[in-house]
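In what follows, a structure is listed as structure tokens, so that the remarks can point back to it.
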Amino acid sequence: MSQRLVRVRFAPSPTGPLHMGGVRTALYNYLFAKQHGGTFVLRVEDTDQTRFVKGAEEYIINALKWCGIAPDEGQGFGGDFGPYRQSERKPLYRQFADQLVESGHAYYAFDTAEDLERVRDLAKKAGTANWQYNHVTRGSMKNSLSMPKAEVDKKIANGDPYVIRIKLPRNEEVKLNDLVRGWVSVNTNNMDDKVLFKSDGMPTYHLANIVDDYHMKISHVIRGEEWLPSAPLHVLLYRYLGWEDAMPQFAHLPLLLKPDGNGKLSKRDGDRLGFPVFPLEWHNSENGEVFSGYRENGYFPEAFVNMLAFLGWNPGTEQELFALDELIEAFRLERVNKAGARYDHDKTRWFNQQYLRAKSNEDLAPLLKAAAQEEGLKADEPYCAQVAGLMKERAFFVKDMLSEGRYLFEKPKDFDEKTLRKKWNAEARGHVSNLKTIFENLDSFTASALEAAFKEYLQQQEVGFGKVGPGFRLAVTGKGMGPSMFEICALLGKEETLNRLETALAELPQ
RNA sequence: GGCCCCUUCGUCUAUCGGCUAGGACGCCAGGUUUUCAUCCUGGAAAGAGGAGUUCGAUUCUCCUAGGGGCUGCCA
């Protein structure tokens, strides 16, 4: 193939929020475009007016932006090939349907929805294979192939509703060379005369996507595997429209599967199994239903994108952590897997943990500060940076640092019951009391000074850390576990630490 | 049912005819740690089944089985 400008498109239908499978398709399109210095286009496929969902288009755009894979061109982003909503391109399609009728590759069909339902029903009851509108059945249906021309003309002049169907040839192998699957071949005998143009004046997906891809000079169609069965139909449309030379290359991506059981990942799986399936939280304005999102659950977009990239693709090396620009560099359509990939939530959490750790305390500080503020807790950024330094090794999310280290923001409200029961006794109490006195006299309240004083005390008392540490931790933090107590006390400061020791001695059981 | 696609540890996957089948997540054990987490070390864990091609098949071909997708005037 000659060097052709790479132009790819992501073409969702605005029938609801974009789920992670769709995001992955968009991501692969984005990566492919960027790697080739090409253009990533967003086209909205809203030819089915009955399935329009308010807010969906905006959601899709916001989701792509959050992921950092915003289109270069398309709905909401401008460009020279617009409009990018198919509903606004309506006048464009009809002529191509007509062209196909004229060239004998399509025909008018007057069968009503009820007619079709009846004949399908009949076939079903007879126990035969699914009824199809095809070369064997079209002769007995109401269409411009089975009816006299005069009658057809009359019906059209009359304004009777009709659709335009493709007329598939008999027994013809249609082949396409898929970039991820290699050669795929289907015989036209196994395909049906798909509707290209609906009675409401809109094209179906099949016609619209070919017409638009052609006019938008799309070079590669990267989409989900659910389109594979209709890809041969699309090849035929390019051929019949005379655009075969400009036909894009196809790449059909494996599906994202449910973590449990069978089938592709669906929007209900997430909240059923305890993970988001959507990048952003979605509020259904019709029924008030809410679906959780990765963003709201505290995931970093980089982690989410990294995880998605690896569901169905891998670089062939052992590197797993990839920044977006590294993905752009490494991504190869040829290395996309053929089999469906099951989503693994633990792995997603792990990715987030890796990204959390890779961030500096200073980068984490504003995020932690914001999280604290939401809980009504106050702390400045430098302080939050120190908290991050202490807590990030034991956190998956920013919010974990807050929940695990809440005592760094406010006095403990309650004390861990198990630690209280097991570690808090007269002896522990005595040690805490002694330590309070020692710490009161400390000039330098640094972690190392505290540690030195603490260890000296242990030596002098001839006791092990285990006898003193847990009670001390409980008194200061209310918890039985956590980071170094010396670091914690140093961070809290002398006044606060002593204050807490005093409170604990006064309030904890004797 | 028909058609198309797919099939390596529980999961994501590496392997492009020579394998003691590698890595990651998760899991288990040990070590480090006052504790928890981290970290380190180790472990269990896979080529759906059957034919064929070949000196040699996880790798190529076929069959079977299983899984998935499609089968709408939805995309």
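The values are calculated or read from the model by the stated rules, or taken from the named source; none is laboratory data. Keep in mind it's a predicted model, so treat the numbers as computed, not measured. Neighbour counts are summed over all protein chains in view; Cβ atoms, including those assigned to glycine, are modelled from backbone coordinates with ideal geometry. Quick note on the areas: whole protein, heavy atoms, side chains included, nothing else; ligands and nucleic acids left out. Shrake-Rupley method; radii C 1.70, N 1.55, O 1.52, S 1.80 Å.
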If you build the Cα gyration tensor of segment A:1-135 and take the root of 5 times each eigenvalue, what three semi-axes come out, in whole angstrom, biggest first?
35, 20, 16
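Arrange the peptides A:494-505, A:212-223 so that the one whose residues have, on average, the most other Cβ atoms within 10 Å appears first.
In descending order of packing, they fall as A:212-223, A:494-505.
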Summing +1 for each Lys or Arg and -1 for each Asp or Glu, what net charge is found among the other residues whose Cβ lies under 11 Å from the Cβ of residue A:364?
+1
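Cβ under 13 Å from residue A:87's Cβ, residue A:87 left aside: what net charge do those residues give with Lys, Arg +1 and Asp, Glu -1?
Neighbourhood net charge equals -1.
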Can you work out the FRET efficiency for the pair residue A:380 and residue A:354, with r the C-beta to C-beta distance and R0 = 30 Å, to the nearest 0.05?
0.60
Helix axis angle, A:20-35 relative to chain A longest principal axis, alpha carbon, degrees
80
Based on Cα positions only, what radius of gyration and what Dmax would you give for chain A, in angstroms?
32.2, 112
Could you list, bin by bin from short to long, the percent of Cα-Cα pairs of segment A:192-297 in 5 Å steps?
2, 10, 16, 15, 12, 12, 15, 12, 5, 1
Which of the GluC sites (Glu not before Pro) found in segment A:432-490 are in a DSSP loop and have at most 13 neighbouring Cβ atoms, other than their own, within 10 Å?
A:462
DSSP beta bridges in chain A [antiparallel fraction, %, rounded to 5]
55
Taking every Cα atom in segment A:417-507, find the radius of gyration and the maximum pairwise distance Dmax, and write them in Å.
11.8, 34
For chain A, size of Cβ-based charge dipole, Lys and Arg +1, Asp and Glu -1, in debye:
1260
Segment A:94-192, Rg to Rh (Cα coordinates; Rh as Kirkwood inverse mean 1/r):
1.04
Given Cα pairs under 8 Å that are at least 6 residues apart, what percent is the relative contact order of chain A?
12
Longest principal axis of chain A (C-alpha) makes with the long axis of helix A:494-507 (C-alpha) an angle, in degrees to the nearest 10, of 80
Report in % the part of the accessible area of chain A that belongs to carbon and sulfur, leaving out ligands and nucleic acids; probe 1.4 Å.
48
Please report the net charge: other residues with Cβ closer than 10 Å to the Cβ of residue A:213, K and R +1, D and E -1.
+3
Test of understanding: extend the Cα→C-beta vector of residue A:112 to 7 Å, then name every residue of segment A:194-216 with backbone N under 15 Å from that spot.
A:199
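For segment A:109-154, how big is Rg over Rh, using alpha carbon atoms and the Kirkwood form of Rh?
Working: Rg = 11.9 Å, Rh = 11.4 Å.
Dividing the radius of gyration by the Kirkwood radius yields 1.04.
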With Cα coordinates, the longest principal axis of chain A makes an angle with the long axis of helix A:447-461, in degrees rounded to 10, of 50
Accessible area expressed per residue, chain A, with surrounding protein chains retained (probe 1.4 Å, Å²)
47
